Amino acid sequence: MEFNRLYAFLTALKKNNNKAWFDDNKSEYQELRRFWIDFVATLLTQIKEKHPELNSLEPPKCIFRINKDIRFSKDKSPYKTNFGMQINFLNRKDLFCGYYLHIEPQNTFVAGGMYMPPSAALSAIRQEIDYNTEAFTALLKQKELIDMFGSLQGEKLVKAPKGYDSNHPLIELLKHKSFILQKPFTEKAVKNTKAFQDELNTAFNLMDPLLAFLLTAVEEVK
């Protein structure tokens, strides 16, 4: 029933995004945060079975603060209206490649891949796609992956990137500025906690070949 409470809290927070309301409901937030850490811990334990390189990663390091950074934002509401989890396989703040889980009323999803890499990393990924066309297209054509995520998502260039012909057979993939697999979840699906955990583990496993490809592409990028 904790996800019922979490969705209810986030819905109310969206309508009352101010310090006075949050302070009045801080004990509820603290209980839900403990639940969220426990939920992430369960996921992380299962992930570590396949990725022992993450053994030192602890659940509190994977979740986000509820407070927003409003210094450069036009929206001055002080709190995020979602709970999130992020696991980055790169020990870098400027480059993310990994899993992301987002819990928000009417906007819950799991995603994985690389989001808006800087130019050097993006160039390296495009080069890897160009050099290993068959391997990249094969991993995106897996039936189980398509059934869960559909096609590769992420913001794209309008025109061919510099150095690539517009008639390149993978030009639409080379136009990508992010390389993301994403699956939405209904609140009903999330509230069936065990089934939701199982579905997330399946999603993470299906993402892994894409992550491995991207990590290989950027391993020499400084």
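The values are calculated or read from the model by the stated rules, or taken from the named source; none is laboratory data. Here the structure is a predicted model, which means the values were calculated and not measured. Here the Cβ positions follow ideal geometry from the backbone for every residue, glycine too, while neighbour counts run over all protein chains shown.
State all residues of the stretch 181-191 that are in contact with a helix residue (DSSP H, G or I) (Cβ under 9 Å, 6 or more places away or on another chain), not in a helix (DSSP H, G or I) and not charged (D, E, K, R); if no residue qualifies, say none.
Residues satisfying the conditions are 181, 182, 185.
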For the stretch 118-131 the number of residues that are exposed (fewer than 15 other Cβ atoms within 10 Å of the Cβ) and in contact with a helix residue (DSSP H, G or I) (Cβ under 9 Å, 6 or more places away or on another chain) is 2
Does residue 107 satisfy being surrounded by fewer than 17 Cβ atoms within 10 Å (Cβ to Cβ) and touching a residue at least 12 places away in the same chain (Cβ under 8 Å)?
yes
Please work out if residue 32 is touching a residue at least 24 places away in the same chain (Cβ under 8 Å) and closer than 19 Å to residue 200 by Cβ.
yes
Among 183, 159, 175, the single one that is in contact with a strand residue (DSSP E or B) (Cβ under 6 Å, 6 or more places away or on another chain), under 24 Å from residue 118 (Cα atoms) and among the basic types (Lys, Arg) is 175
Report whether or not residue 71 is without any contact (Cβ under 8 Å) to a residue 40 or more places away in the chain and under 28 Å from residue 207 (Cα atoms).
no
Out of the residues in the stretch 167-188 that are polar (S, T, N, Q) and modelled with pLDDT of 95 or more, which is surrounded by the most Cβ atoms within 10 Å (Cβ to Cβ)?
182
Out of (1) farther than 30 Å from residue 84 by Cβ; (2) buried (at least 16 other Cβ atoms within 10 Å of the Cβ); (3) out of contact with any helix residue (DSSP H, G or I) (no Cβ under 9 Å at 6 or more places or on another chain); (4) not charged (D, E, K, R), the odd one out for residue 115 is which?
(1)
Qualifying helices (runs of 4 or more DSSP H) (wholly inside the stretch 124-176; at least 1 residues being among the charged types (D, E, K, R) and touching a residue at least 40 places away in the same chain (Cβ under 8 Å)):
143-149
Using the structure shown, decide if residue 206 is in contact (Cβ under 8 Å) with a residue 12 or more places away in the chain, part of a helix (DSSP H, G or I) and of a type in the set (A, V, I, L, M, F, W, C).
yes
